[in-house]
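Take a look at the structure set out below.
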Amino acid sequence: MTGEKEILWEKISNLRFKFILDKIRKSRQLFSLGVGFCNQPLQINVQYDNAGFDQLLEEKFKLSKAHNDVPCLTFVKNTASTGLTLPYYQYGYISEDKRNAIAFASSFGVFKSVISGFASFCLDDTGYVPVHGSVLAANSRGIILTGGTSAGKTTVLLNLVELLLKSNSDVKILTDDWAVVSKQSHGYVAQTFDPSISLKEKDVVENPHLRFFCHDDLVESIRRKVKVSIRPENLYDMSIGAGSIRIDAVVLLKPEIGPGKLQYIDKEEFITEVINAAYHYPYISDEQIERHRKFWKGVVSELNFFSFATRPNSGKFQNIDDIRRML
């Protein structure tokens, strides 16, 4: 049993998995959909216990009727009526054959992240490694901004894009939340299951200098819905989205007070932090973690890597000129 922070995962026998799933189905109605991903041939199915989730899923994924013979993720928002007792508040089970998963969690936001995490897990043996981060490129230089929840990934991304567009840089955005990275013949390349940016009211309130396409309408929509997910090309009304990005540097964002400059960081600490930040990924064995550690050791031996403290001594956010200059 291995996991970190928001959700813990455990591999169980197929028989035990079926028993748990049967208990869920007896206690509540489950809605089923097929999920496809932009720029990824992978397909999965999802089952969930909230009829309103389909509209939220449409903002992020390609939806269809349930597919035949594909991996399936079941999401349960709470366990009160299932009669199940979990060892941790937010918990996940993976079947022994690694084909199916059940996630018990508190919100759609976790569900969305777990979909990307489970999809990444389905590619576990094909050379892809997950990273919880924002990914963008400027002038053909790609960067991953990784870190846990509230590290500032979306805020740094949005402010970087604002500065880069003002300087007429050629900007491409992959995602603000989750990617998979693989080593290819031309370097390390990031792709995503979720090519969207999720905006909350605090994103526009705390960054009043940011301006988007149809800005006032967007802000009003955010205030009504609490959070809005939108594709980069629609957010900026330009061809700014990317199917993949070759990576030149990785920055670990830390939500702590610091100097507002890129800092060198110990390799082992960096690798541990990057893996720990991917806590929606179903880590169910030490072998997985060691394999991913080996991958990131390759990354840090070939690419630039830094840490960056996102909290200043005063004000809401650090000056990010150091990161901008790197691009």
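Couple of notes before you dig in:
- Taken as a whole, segment 256-275 holds at least one residue that is more than 26 Å from Val171 (Cβ to Cβ), surrounded by 14 or more Cβ atoms within 10 Å (Cβ to Cβ), assigned by TED's automatic domain parsing to the domain that holds Val180 and acidic (Asp, Glu).
- Qualifying residue in segment 266-278 (condition: polar (S, T, N, Q), out of contact with any Leu (no Cβ under 9 Å at 6 or more places or on another chain) and at pLDDT 95 or above): yes
- Within segment 223-236, considering residues that are over 24 Å from Lys172 (Cβ atoms) and free of Cβ contacts under 8 Å to residues at least 24 places away in the same chain, the one surrounded by the fewest Cβ atoms within 10 Å (Cβ to Cβ): Arg224
- Looking only at segment 43-65, and only at residues there that are touching a Leu at 6+ places or on another chain (Cβ under 8 Å) and buried (at least 16 other Cβ atoms within 10 Å of the Cβ), the one that is farthest from Thr192 (Cα to Cα): Asp49
- If you check Ile271, Ile245, Ile323 for being in contact (Cβ under 8 Å) with a residue 40 or more places away in the chain and under 16 Å from Gly147 (Cβ atoms), only one passes: Ile323.
- Selection of strands (runs of 3 or more DSSP E) fully inside segment 121-192 by the criterion of at least 3 residues being of a type in the set (Gly, Ala, Ser) and under 24 Å from Asn319 (Cβ atoms) returns 129-138.
- Taking (1) part of a loop (DSSP other than H, G, I, E, B); (2) within 30 Å of Arg231 (Cβ to Cβ); (3) of a type in the set (Lys, Arg) in turn, Lys112 satisfies each apart from (1).
- When Asp49 is tested against (1) touching a strand residue (DSSP E or B) at 6+ places or on another chain (Cβ under 7 Å); (2) at pLDDT below 95; (3) closer than 18 Å to Pro282 by Cβ, just one condition goes unmet, and that condition is (3).
- Some residue of segment 295-313 being polar (S, T, N, Q), surrounded by fewer than 19 Cβ atoms within 10 Å (Cβ to Cβ) and farther than 22 Å from Ser140 by Cα: yes
- Any pair with Cβ under 7 angstrom, 6 or more apart, that starts in segment 69-98 at a residue that is surrounded by fewer than 14 Cβ atoms within 10 Å (Cβ to Cβ) and ends at one that is part of a loop (DSSP other than H, G, I, E, B) and hydrophobic (A, V, I, L, M, F, W, C): none
The values are calculated or read from the model by the stated rules, or taken from the named source; none is laboratory data. The structure displayed is predicted, hence computed values, not measured ones. Every residue, glycine among them, receives a Cβ derived from its backbone with ideal geometry; neighbour counts consider all protein chains shown.
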